[in-house]
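This report concerns only the one structure given below.
The values are calculated or read from the model by the stated rules, or taken from the named source; none is laboratory data. Treat the numbers as computed from the prediction; the structure is a model and nothing was measured. FYI the Cβ positions are ideal-geometry reconstructions off the backbone, even for glycines, and counts take in every protein chain you see. Quick note on the areas: whole protein, heavy atoms, side chains included, nothing else; ligands and nucleic acids left out. Shrake-Rupley method; radii C 1.70, N 1.55, O 1.52, S 1.80 Å.
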Amino acid sequence: MKKVLLSAMLLSPLALMAQADFTLKGSTKSVANGNKIYLVFAENGQRIVDSTTVNNGIFEFKGKVTSPVMGNVFNKVNPYVKGANTKNMDYTALYVEPGNITLNSADSLKSAVAGGTQANIDNSKLSASLKPLTDQEKALNEEYAKYTKEQKADKAVMDVLIGKFNVIRDQKTPLYLKFVKENPKSYISLIQLNSLAGNDKVVADVEKLYATLSPELKASKIGQAIPAAIEATKKTAVGVMAMDFTQNDPDGKPVKLSDFKGKYVLIDFWASWCGPCRDENPNVVDAFQKFKDKNFTVLGVSLDGGNTKTTKEAWLKAVEDDKLTWTQVSDMQGWNNEVSKAWGIKGIPANFLIDPNGKIVAKDLRGNALHTKLAEILDKKAK
């Protein structure tokens with residue numbers, strides 16, 4: 001039974017593009033007969049949830065889709081139903097695209113391999129090249145799962161763990177770039193370049209590889225957005241002079257970034273609806289209290305409102321609840337916030353540390369890394 005969730009969107013050029021048929025045939029030996037299997041993906045801004053049952057280890061979905069989109073196949077649990085038990089779910093990710101998709105597993109869905117269509121074949125090839133690193137990530141996740149509550153609350157312990165994850169992330173990057181170089185016609189290459197376009201360490205490589213993509217990939221919605229993302233990354237790289245901007249505070253008073261010239265200022269992109277942002281806020285508060293008397297302040301830019309459907313009241317309540325006593329601004333346009341778009345923000349929390357002359361000196365400082373960087377700069381200045 002197929003359900004379309006969320007309200008229908010106004011017709012757009014993308015919505016008017018022709019849809020094509022897909023068939024997804026799954027084979028699994030360990031999923032019990034009669035189990036309900038759910039397929040979830042997004043099409044034209046709507047979440048599609050379809051379901052079927054396993055019969056002799058086989059299940060099948062049929063539908064229509066415009067272009068490749070990431071989807072998930074869940075065993076027994078529809079995670080989008082209120083109150084669903086999402087702990088220890090058995091599921092896998094794949095690309096839903098026109099054609100005959102296969103999904104085969106010798107045991108659970110977690111170990112299933114998708115194939116049959118080009119995006120899934122290419123994604124499996126990329127995943128195979130990353131396996132030694134993803135195995136390391138899996139081991140770190142298992143290590144984290146064994147941490148006590150006290151260990152998880154210990155910043156020093158968590159910073160060591162996060163540092164290990166960051167090392168693996170950085171080791172993955174050249175493998176992504178290698179894949180794109182070798183597969184300029186692959187939709188997976190488009191996805192990887194879009195993901196890497198915000199990384200100022202490799203943005204020059206991304207720009208060169210984007211030029212090699214097929215015309216069809218460049219003409220796609222994602223392909224058309226990548227050049228702007230590349231330019232935004234260049235303009236917000238460490239060492240570059242920060243772009244000035246103006247946005248209103250809660251009282252409607254315009255606030256400029258340049259108003260803070262002469263101070264070190266942390267531009268903090270966040271939102272009331274963002275769990276990781278709210279988790280990080282106490283750390284930012286600690287840093288603000290520790291360094292506010294050393295020519296340092298914070299400027300919060302909220303991605304509330306707009307397409308996130310949060311209100312000004314929710315934003316201000318989060319400011320009060322989290323004790324964010326520094327200047328806050330927002331245009332209440334959610335992910336369409338003009339400042340966040342200009343600065344190439346694709347995920348939050350995100351931040352940029354600006355020096356008194358207006359130069360970006362660091363970015364994406366979280367946890368102890370924020371305190372360490374501020375101490376390195378501000379304690380040195382105080383001596």
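One residue stands out among those in region 99-136 that are out of contact with any helix residue (DSSP H, G or I) (no Cβ under 7 Å at 6 or more places or on another chain) and of a type in the set (Ser, Thr, Tyr): the one that is farthest from Pro174 (Cα to Cα), which is Ser108.
Among the candidates Asp286, Asp244, Asp259, which residue alone is closer than 15 Å to Val339 by Cβ, among the charged types (D, E, K, R) and assigned to a helix (DSSP H, G or I)?
Details: Asp286 fails: closer than 15 Å to Val339 by Cβ; Asp244 fails: assigned to a helix (DSSP H, G or I).
The conditions single out Asp259.
Residues in region 200-211 that are loosely packed, with under 14 Cβ neighbours inside 10 Å, of a type outside the set (A, V, I, L, M) and either modelled with pLDDT of 95 or more or more than 22 Å from Lys178 (Cα to Cα) (or both): Lys208 alone. Residues in region 76-103 that are on the phi < 0 side of the Ramachandran plot, of a type in the set (D, E, K, R) and open to solvent by 70 Å² or more (accessible area, probe 1.4 Å): Lys82, Lys87. Report whether or not Asn368 is polar (S, T, N, Q) and at pLDDT below 95. It is true that Asn368 is polar (S, T, N, Q) and at pLDDT below 95.
Looking across region 142-164, the residues that are open to solvent by 60 Å² or more (accessible area, probe 1.4 Å) and either among the hydroxyl-bearing types (Ser, Thr, Tyr) or under 22 Å from Tyr176 (Cα atoms) (or both) come down to Tyr144, Thr148, Ile162, Lys164. As a summary of the residue check, Val31 satisfies the conditions (1) at pLDDT 90 or above; (2) in contact with a Gly (Cβ under 8 Å, 6 or more places away or on another chain); (3) of a type in the set (A, V, I, L, M) except for the one numbered (1). The criterion of being more than 20 Å from Ser127 (Cα to Cα), touching a Phe, Trp or Tyr at 6+ places or on another chain (Cβ under 7 Å) and not polar (S, T, N, Q) holds for Leu257. Only a single item in (1) in contact (Cβ under 8 Å) with a residue 24 or more places away in the chain; (2) within 29 Å of Thr308 (Cβ to Cβ); (3) loosely packed, with under 13 Cβ neighbours inside 10 Å is not met by Lys29, and it is number (2). Selection of region 12-26 for residues being at pLDDT below 90 and open to solvent by less than 80 Å² (accessible area, probe 1.4 Å) yields Ser12, Leu14, Ala15.
Within region 262-281, which residues are of a type outside the set (Phe, Trp, Tyr) and surrounded by 14 or more Cβ atoms within 10 Å (Cβ to Cβ)? The answer is Lys263, Val265, Leu266, Ile267, Asp268, Ala271, Ser272, Cys274, Cys277, Arg278, Glu280, Asn281. Every test in (1) at pLDDT below 95; (2) open to solvent by less than 50 Å² (accessible area, probe 1.4 Å); (3) not aliphatic (A, V, I, L, M) is passed by Asp50 save one, and that test is (1).
If the condition is being farther than 19 Å from Glu216 by Cα, among the aliphatic types (A, V, I, L, M) and in contact with a helix residue (DSSP H, G or I) (Cβ under 6 Å, 6 or more places away or on another chain), then region 162-196 contributes Ile168, Leu175, Leu177, Leu196. No other residue among Lys201, Lys138 is out of contact with any Phe, Trp or Tyr (no Cβ under 9 Å at 6 or more places or on another chain) and more than 26 Å from Trp343 (Cα to Cα) apart from Lys138. Has region 309-332 got at least one residue that is within 24 Å of Ser195 (Cα to Cα) and either of a type in the set (Val, Ile, Thr) or modelled with pLDDT of 95 or more (or both)? Within region 309-332, not a single residue is within 24 Å of Ser195 (Cα to Cα) and either of a type in the set (Val, Ile, Thr) or modelled with pLDDT of 95 or more (or both).
Exactly one of these conditions fails for Met332: (1) closer than 19 Å to Lys373 by Cα; (2) touching a Lys or Arg at 6+ places or on another chain (Cβ under 7 Å); (3) open to solvent by 40 Å² or more (accessible area, probe 1.4 Å). Give me its number. Only one criterion is unmet by Met332, namely (1).
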